[in-house]
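Asker: If you scroll down you'll find the structure; I have some questions about it.
The values are calculated or read from the model by the stated rules, or taken from the named source; none is laboratory data. Everything quoted here is computed from the prediction, not taken from an experiment. Don't worry about glycine lacking a Cβ; one is built from the backbone with ideal geometry, like all the others, and counts go over all protein chains shown.
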Amino acid sequence: MYEDENSSEEPSEKANDPKAQAFEKADDFRMHAELAAVFEGPRKFDAQIKPGLDADIARDVQRTIAKLEKSRFEQSPFIIEEAMPEAARILDLPSTANLSTNDYHIHRRPGETMIVRWLAGNEVQTFYERLQAHFDAALNGFRQEERSNKEWQQDDKTLKYLDELDALDVKLEDRFFRQPIREHGLFVLSTQTADEMNIAYIADFIMSVPAVEIVGRQSAPPDEPSEKDLAWFFKLFMLRGVKGGPGGEEQMCFFTYLQKTEDDFDF
């Protein structure tokens, strides 16, 4: 379902290596933790859904984020120096365009939705705390379940896998390159993609709002939706940096592009 630009191991490698199997499960939990931390604002922090984001601003963010995605070092989420001013400009739009941070700013067209959320200062710290908490809860629960269900088998490969799960010590701040960003004034852009995201998972389960508040009445699923009604192409861009160089205020911008899967899309 999900794709992430940092995934590199082949499935066959993961299937035969207990350590790789453990890391694969951790990566699944990491991606779900990202979704939860990005979209839980209405449920946890009184963040508002704000439709009506100016079309010019929405398209500006879309075009610039797309350019920044192509302006990264090869096989790296770090943005090249020449593109850093544009990354800084997007991160600072709440100040220059009088937009609130923490909230979800939405621009819609039939079958298409763009969501932009900015965080700054203490909001960034809270995001990282919540990101780690979601990940830890999922991993710890899975560890207990796997050991309960598989330890009885007592074969070397299974026991090695369970030990590798227990040994995992994943700090998501490191995965997000938080320290290099803060110390060196770098800009980082990572992505997460799903060809078919269940819109109810984002709306009902994570955000605790009706899907109609996100995608609008014209595109919302019916009262008794089919799988096709709920399926949207989904791409999340996570841009991070600091304002004014090393030691400056931390800033984040989450740009989400959603499009009904029966429609042809070209982001």
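Asker: Could you list all residues from region 90-126 that are out of contact with any Gly (no Cβ under 6 Å at 6 or more places or on another chain) and of a type in the set (A, V, I, L, M, F, W, C)?
Answerer: Those that are out of contact with any Gly (no Cβ under 6 Å at 6 or more places or on another chain) and of a type in the set (A, V, I, L, M, F, W, C): Ile90, Leu93, Ala97, Leu99, Ile106, Met114, Ile115, Val116, Trp118, Leu119, Ala120, Val124.
Asker: Among all residue pairs at least 6 apart or on different chains, which show Cβ distances below 7 Å where the first residue, located in region 134-162, is within 21 Å of His32 (Cβ to Cβ) and modelled with pLDDT under 95 and the second is among the polar types (S, T, N, Q) and buried (at least 16 other Cβ atoms within 10 Å of the Cβ)?
Answerer: Final answer for the pair search is Tyr161/Gln21.
Asker: Here is a follow-up. In region 195-218, what count of residues is obtained for those that are in a strand (DSSP E or B), surrounded by fewer than 21 Cβ atoms within 10 Å (Cβ to Cβ) and among the aliphatic types (A, V, I, L, M)?
Answerer: Selection size over region 195-218: 0.
Asker: Can you run down the residue pairs with Cβ atoms below 6 Å, 6 or more apart or on separate chains, where the first is in region 173-197 and charged (D, E, K, R) and the partner is in a loop (DSSP other than H, G, I, E, B)?
Answerer: Glu183/Pro246; Glu196/Thr261
Asker: Hey, can you tell me all the residues within region 219-233 that are assigned to a strand (DSSP E or B) and either among the small types (Gly, Ala, Ser) or in contact with a His (Cβ under 7 Å, 6 or more places away or on another chain) (or both)?
Answerer: Here is the first cut: in region 219-233, the ones assigned to a strand (DSSP E or B) are 231-233.
Matches in region 219-233: Ala231 only.
Asker: Taking Tyr257 as the residue in question, decide whether it is more than 17 Å from the chain's Cα centre (by Cα) and touching a residue at least 60 places away in the same chain (Cβ under 8 Å). Before the answer, list the steps.
Answerer: Values: more than 17 Å from the chain's Cα centre (by Cα): no; touching a residue at least 60 places away in the same chain (Cβ under 8 Å): yes.
When the stated conditions are applied, Tyr257 does not pass them.
Asker: Based on what the data block shows, is Ser100 touching a strand residue (DSSP E or B) at 6+ places or on another chain (Cβ under 8 Å) and of a type in the set (S, T, N, Q)? Break it down into steps so the answer makes sense when it comes.
Answerer: Working: touching a strand residue (DSSP E or B) at 6+ places or on another chain (Cβ under 8 Å): yes; of a type in the set (S, T, N, Q): yes.
It is true that Ser100 is touching a strand residue (DSSP E or B) at 6+ places or on another chain (Cβ under 8 Å) and of a type in the set (S, T, N, Q).
Asker: Same structure, new question: Is it true that some residue in region 234-254 is surrounded by 15 or more Cβ atoms within 10 Å (Cβ to Cβ), among the aliphatic types (A, V, I, L, M) and in a loop (DSSP other than H, G, I, E, B)?
Answerer: Scanning region 234-254 turns up no residue that is surrounded by 15 or more Cβ atoms within 10 Å (Cβ to Cβ), among the aliphatic types (A, V, I, L, M) and in a loop (DSSP other than H, G, I, E, B).
Asker: From the residues in region 167-224 that are among the basic types (Lys, Arg) and within 26 Å of Ala83 (Cβ to Cβ), which one is farthest from the chain's Cα centre (by Cα)?
Answerer: Arg182
Asker: For region 174-191, name all the residues that are closer than 13 Å to Phe135 by Cβ and surrounded by 15 or more Cβ atoms within 10 Å (Cβ to Cβ). Reasoning before the result, please.
Answerer: Applying the first criterion (closer than 13 Å to Phe135 by Cβ) to region 174-191 yields 174-176.
Across region 174-191, the qualifying residues are Arg175, Phe176.
Asker: Search region 45-71 for residues that are touching a residue at least 40 places away in the same chain (Cβ under 8 Å) and on the phi > 0 side of the Ramachandran plot and pair each with any residue that is among the hydrophobic types (A, V, I, L, M, F, W, C) and surrounded by 12 or more Cβ atoms within 10 Å (Cβ to Cβ) when their beta-carbon atoms are under 8 Å apart and the residues are at least 6 apart or on different chains.
Answerer: Gly52/Ile106
Asker: Looking at region 106-194, what helices (runs of 4 or more DSSP H) fall wholly within it and have at least 2 residues that are among the polar types (S, T, N, Q) and more than 30 Å from Phe233 (Cβ to Cβ)?
Answerer: On the way: elements: 122-150, 156-167, 172-175, 178-184.
In region 106-194, the matching helices (runs of 4 or more DSSP H) lie at 122-150.
Asker: A further question follows. Mind checking which residues of region 227-252 are basic (Lys, Arg) and touching a Ser or Thr at 6+ places or on another chain (Cβ under 6 Å)?
Answerer: Step one: list which residues in region 227-252 are basic (Lys, Arg), which gives 228, 235, 240, 243.
Within region 227-252, Lys235 is the sole residue that qualifies.
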